[in-house]
Structure formats: structure tokens, C-alpha cells
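Quick note: the coordinates plus some simple rules give every number you see, no bench work behind them. Since this is a predicted model, take the numbers as computed values, not measurements. Reconstructed Cβ throughout: ideal geometry from the backbone, glycine too, with neighbour counts over all protein chains shown.
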Amino acid sequence: MRTVFRQDKLNHIQRAVESMAKKIKTILTLSADSPAKHKKILRLTIEVPDQPLLPWLMNQKSSLKIYWSDRQDKFEMAGVGAADYVGDGDEYGYYELFRRLHGYLDNSGDRVRYYGGFNFGSNQEADDGWKRFGRYFFILPRFELVKSANKAFFVCNLLTDVDGYHYRPIMSQLEAISFENGNISHDIPKIISEKDFPKKNRWIEIVQSALAACDAQQYEKIVLARKTVLELSESLNCLVILHNLKEEVSNSYKFCFQPEDNLAFIGASPELLYYREGKKIRCEAVAGTRPRGRTKEEDQRYSAELLRSEKDLREHRYVIHSIEDAFKPLARSVLNCNPTSTSLLKLSRIQHLITPFEFELKENVSDAELIGALHPTAAVGGYPKDKTIGEIMRLEGFNRGWYAAPVGWVGRDAAEFVVAIRSGLVKGNFLSLYSGAGIINGSVPENEWDEMNYKIEMFLRVFT
């Protein structure tokens with residue numbers, strides 16, 4: 001795919017960017033002479049011609065890149081560079097982290113957003129692949145290309161208290177931004193090898209052990225994951241994969257967090273952890289799986305089978321219970337919570353049971369409390385939560401990293417996080433794909449293994 005602009009449009013963009021550069025110079029000169037007393041983010045915005053974001057992002061030289069789109073692609077953001085970076089080198093817990101973010105956000109406009117995520121288990125020590133991601137990081141992009149309401153905007157974010165001293169680097173970064181024709185390469189590396197961790201026989205043994213624990217009533221549900229590592233013929237550009245996923249996968253949040261060249265976490269998750277605006281919050285229980293049919297009749301048969309499946313409905317109810325448990329101390333009132341309203345979330349290659357919830361929060365409930373209470377839901381962890389987290393880490397034998405953890409954005413009075421499933425870690429010429437299956441009484445290990453294959457199929461199709 002190639003982004004093509006007529007010369008008059010490129011000239012228009014260039015004039016607008018030059019105007020932005022003058023504003024940046026004026027603002028930063030004033031900031032250097034008289035630093036702001038309060039931390040604040042200034043968001044400079046210019047409208048630009050509509051264009052695909054991923055080719056634009058691929059065309060940028062910065063090694064730090066972020067991409068985010070909502071489930072229906074009504075909002076998209078491609079970010080380049082960092083105006084502010086908060087990583088776990090600061091050793092913040094959830095509360096300190098969000099307090100640090102709101103130190104700037106509380107005095108800024110409502111369109112300002114930090115993007116980032118967490119690892120699955122805060123006590124897990126990162127392996128080589130995940131070390132750069134840490135327990136969490138959040139980034140305020142220096143520059144953004146945003147699409148919303150059928151319009152496109154180019155954005156520069158400035159920190160009023162410190163960026164006055166960084167005028168020259170910021171101007172150099174702006175000059176490096178390109179709106180020239182960009183393209184997405186269709187050259188996909190070949191798969192040299194594919195290895196599962198753990199291997200199938202070992203995973204079945206682990207599931208049988210978990211089923212014995214379910215029988216002994218140690219817990220009612222546990223979600224066990226698998227890592228599938230693809231060795232490729234050459235280094236993989238994460239944005240090429242993301243572009244293919246965007247074309248292939250519907251009803252999903254697409255994301256890319258690239259902290260440096262040749263390293264990125266990407267995904268297309270169907271599962272919303274929560275969306276909060278003020279005190280109102282909505283979330284979803286998503287669990288229970290069938291493939292999509294190759295014909296309309298086969299698809300309807302799979303759908304009916306899923307809606308009637310005692311095992312899948314029981315597994316889904318554990319997720320509902322985990323969400324209800326989380327909100328008991330946090331919600332002032334229930335706006336929508338009907339466990340009998342379960343329906344189907346249909347994706348391109350797979351379908352799930354889904355039940356929506358809406359609550360009004362009590363006063364002063366923070367995103368730190370929400371993350372702590374909701375993550376992990378029984379859709380990716382287990383039920384009860386406190387009895388399964390340690391077991392997951394003990395049984396799986398690998399570090400989940402950011403897989404199945406919250407990723408999303410935080411604004412002044414709103415936040416949105418999704419559960420980072422249907423995801424993979426790109427590192428050089430290796431792609432690690434993660435998938436999991438809910439284990440309850442009645443689970444058949446071989447069937448659960450096949451279900452995990454369905455869940456990574458959308459990635460594997462890119463290479464065929």
C-alpha cells in the first residue's frame with residue numbers, strides 16, 4: 001500500500017508544519033525564560049489530509065513508535081518519539097505510577113493521552129525478550145498522527161516545565177518527520193522453524209495436573225498459556241505484520257509498542273478490560289470459544305453450539321463472577337449488569353461469548369484501583385484469582401511478559417485498557433506468539449490445545 005499526495009497537498013502540509021515550528025519556537029523560548037510553575041502538557045494540532053497511518057509510521061526514522069486503534073477503527077493514533085516516558089526504572093507501584101502520570105495530565109487538555117501497558121505478573125523477572133518492557137512503561141508521544149471522526153491531525157506534545165531547555169532536539173525531531181509517499185512492503189519473511197513452549201505432550205500433562213486441582217476444589221478455573229516461537233528467514237518489521245492483521249481481523253483493538261528498533265509487542269485483541277469516562281465505566285466478560293464456519297450454515301452451527309455449551313457457559317460465568325467481585329467495593333451503582341444477556345462476539349476467524357457491564361464508580365476510585373481489582377480477570381488468569389496467579393507462573397514455565405496484561409491509554413479524566421491477548425513479541429527475526437485456554441472440570445486437553453491453535457491462526461496466515 002502506498003500513500004500518495006499531490007504536490008499541492010504536500011506543500012500545504014509543509015506550510016502547516018512550518019507554522020507549527022514557529023509556534024514551538026515561541027512557546028519553548030518563553031518556557032526557557034520563565035519556566036511554568038505547574039506541570040502541563042501543551043498539545044499543538046494541525047489538520048492534515050487523510051492518509052493511512054501505518055505506512056506513515058513505517059516511513060518515520062524514530063526507533064520509538066506506538067500505534068493504537070479502537071475496536072471499530074473510529075480512533076487511530078500513530079506516535080513517534082517520546083515527550084515523556086515513565087518506566088519501571090522509577091520503581092513505581094500502580095498508585096505511584098498513575099499519580100506520576102496525572103502530575104501532567106491534571107493540568108492538560110482532555111485529548112492528551114499516555115499510551116502503555118503492564119506485564120502480566122508484577123513479580124515475574126523479565127527474560128531477555130521482555131527486559132526492555134519491564135513491569136510497565138507509559139509514553140506521551142512527542143509527535144502523533146491521529147485519525148478521528150474522518151479527519152486527520154498532526155500533533156506535537158510539549159512539557160511546559162522542561163521542554164524549554166530542549167528546543168534544538170525537538171526541532172530536529174520535527175524536521176525528521178516525513179509526509180512523503182510511504183508504503184507497506186508485501187515482502188514477508190519465511191518461517192524457518194516453529195517451536196511450542198511447552199511442547200504438546202508436556203502441556204497436556206500440565207492441564208491434567210490442573211484438572212486434578214479443580215477436582216480437589218483448589219480452584220474452579222485456571223487459564224494456561226503456550227508460547228509458540230517462529231524463527232524467520234530475516235528480521236521482521238512489526239508494522240508489516242500489524243498492517244496485515246488490520247486487514248484481516250475485525251472487532252479488535254490493534255496495538256504496537258516498539259521501544260526500540262527490532263523489538264515490539266503487537267496484537268489485535270477483542271477483549272476490553274475497561275473504558276472509563278469520569279465515574280462511568282464499562283467492561284466485558286469474554287470467554288468461551290468456537291471457530292468461524294466456512295459457510296453461513298456451518299458458522300450458525302458453531303454459534304448455536306457455543307451458546308448451548310454447558311462447559312463454555314460455565315467457564316464464561318467464572319469471568320462474570322470475577323468482574324462482579326471486583327466491582328463490589330468500587331461501584332456506587334450498576335448501570336448495566338445482566339448475566340443472562342450473553343451474546344456472541346464474532347471475529348474474522350473465531351467467535352466468543354461476551355457479556356457487557358456498566359457501572360457508576362464511587363468517589364475517588366482511581367485507575368490504579370481498577371487495574372489492581374480487575375487484572376487478571378478469570379478470562380486470562382483464573383477463579384478465584386488469588387489461588388491461581390502463583391499456579392500459572394509455576395505451571396507454565398515461561399514469562400508471559402505483557403501477554404494477557406492491560407495495555408491502553410490514560411487521559412485526564414478517562415482511560416481505556418484492553419487485555420493483550422492475540423498478541424506477539426517481535427525480536428529481530430523471531431516472533432513469539434502467545435495463546436491460552438481456560439481449564440475447568442470437563443476440559444479435554446487435546447481440545448484446548450486445538451483452541452490455542454485457532455487463536456494464533458491470524459498471525460500464521462500472514463506467512464502463507
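Odds and ends about this structure:
- Shown is the FRET efficiency for Ala304 and Asp325, computed with R0 = 22 Å from the Cβ-Cβ distance and rounded to the nearest 0.05: 0.15.
- Exposed GluC sites (Glu not before Pro) absent - longest run of the chain, DSSP non-H/G/I/E/B, at most 13 other C-beta within 10 Å: 235-362
- Projecting the Cα atoms of Gln14, Gly79, Phe154 onto the charge dipole of region 7-176 (Cβ charges, centred on the Cα centre) puts Gln14 farthest toward the positive pole.
- Restraint check, Lys280/Lys385; Lys195/Lys254; Lys254/Lys427; Lys131/Lys199; Lys151/Lys346, Cα-Cα greater than 21 Å: Lys280/Lys385; Lys195/Lys254; Lys131/Lys199; Lys151/Lys346
- Inter-label distance, nm, simple model (7 Å from Cα along the C-beta direction), Leu344/Glu297: 1.6 nm
- Descending principal axes extents, region 191-463, alpha-carbon based, whole Å: 55, 45, 42
- Shape descriptor for the chain: Rg over Rh equals 0.97 (Cα atoms; Rh from the Kirkwood inverse mean 1/r).
- For Lys362, net neighbour charge (Lys/Arg +1, Asp/Glu -1) across residues whose Cβ lies under 9 Å away: 0
- Cα-based radius of gyration for region 237-292, normalised by 2.2 N^0.38 Å, reads 1.42.
- Listed by chain and number, the aspartates and glutamates placed with their C-alpha closer than 19 angstrom to that of Lys147 are Glu47, Asp50, Asp70, Asp73, Glu76, Asp110, Glu180, Glu247, Glu416; residues fewer than eight positions away on the same chain are left out.
- Formal net charge of residues neighbouring Glu298 (Cβ-Cβ distance under 15 Å; K, R +1; D, E -1): +4
- Local electrostatic count, Ser172, Cβ distance below 13 Å [Lys/Arg +1, Asp/Glu -1]: +3
- Each of Tyr318, Tyr403 was scored by other Cβ atoms within 10 Å of its Cβ. Listed from fewest to most, they are Tyr318, Tyr403.
- Distance histogram in 5 Å bins (all Cα pairs of region 388-427, percent per bin): 6, 18, 20, 20, 17, 10, 7, 2
- Scaling against 2.2 N^0.38 Å puts the C-alpha radius of gyration of region 299-355 at 1.30.
- Computed over region 321-464, the percent of Cα pairs more than 22 Å apart is 50.
- Fewest-first sequence of Leu174, Leu145, Leu313 by Cβ atoms within 10 Å of each Cβ: Leu313, Leu174, Leu145
- Dipole magnitude for region 7-176: about 480 debye, using +1 per Lys or Arg Cβ and -1 per Asp or Glu Cβ, origin at the Cα centre.
- The label point for Met393 and the one for Leu44, both projected 7 Å from the Cα toward the Cβ, are 4.5 nm apart.
- Secondary-structure-derived ellipticity at 222 nm for the chain, considering helices only, amounts to -10000 deg cm²/dmol, per-run term -39500 (n - 2.57) for DSSP H runs with n ≥ 4.
- Cβ-derived FRET efficiency at R0 51 Å, Ser193 paired with Asn336, nearest 0.05: 0.60
- Cβ crowding within 10 Å ranks Val112, Val286 as Val112, Val286, fewest other Cβ atoms first.
- In the chain, the longest principal axis of the Cα atoms and the axis of helix 310-327 are about 50 degrees apart.
- Computed from the C-alpha gyration tensor, the three semi-axes of the ellipsoid equivalent to region 58-193 are 25, 24, 16 Å, from longest to shortest.
- Charging the Cβ of each Asp and Glu at -1 and of each Lys and Arg at +1, and nothing else, the dipole of region 86-172 about its Cα centre rounds to 480 debye.
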